[in-house]
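Notes follow the structure.
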Amino acid sequence: MGPILFLIYINDLDYGIRNWILKFADNTKVFSRANGSEDCASLQKDLDTLVNWSEEWQMLFNVGKCKVMHFGRNNPSNDYYMKSQKLEITDTEKDLGIVITSDLKSSQQCSDAYAKANRILGMIKRGLLFLNQSIFYFSCTNRWSGRI
């Protein structure tokens, strides 16, 4: 019942927001194309609206965890604020296990996956005291054939 009550509680979070907003569990993302000062001002107004909502409903944002990512070469790279605190600008962020970079390239995601796979393989190798190919073959064939 807890998650349902939470969803009902934050259901009106996006009222008054002019730009795109994504809500997932306790994460909120506001984004838009920022071609000029008007677009940047609109994003800042949406952030102010979110702060006002959070103060009214006593469900404050952790401003220290809030970040800004700018995409594209023509982006004005404006500074944004919540509660008069400047939001940190980042080039890389991990969201739901996916690494997103400001240049939208997947090389960081691939590097992280490679490093994680190597760590797991190293852990498996250190965990095996006796490496013998016949044991691995026997174990795999019996497992796939359904025999124990």
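Annotations
- All positions within region 49-63 that are in contact (Cβ under 8 Å) with a residue 24 or more places away in the chain and assigned to a helix (DSSP H, G or I): T49, L50, V51, W53, V63
- Residue check, S111 surrounded by 10 or more Cβ atoms within 10 Å (Cβ to Cβ) and at pLDDT below 70: no
The values are calculated or read from the model by the stated rules, or taken from the named source; none is laboratory data. What you see is a predicted model; the values in this text were computed from it and never measured. Methodologically, a virtual Cβ is constructed for each residue, glycine included, from the backbone with ideal geometry; neighbour enumeration extends over all protein chains shown.
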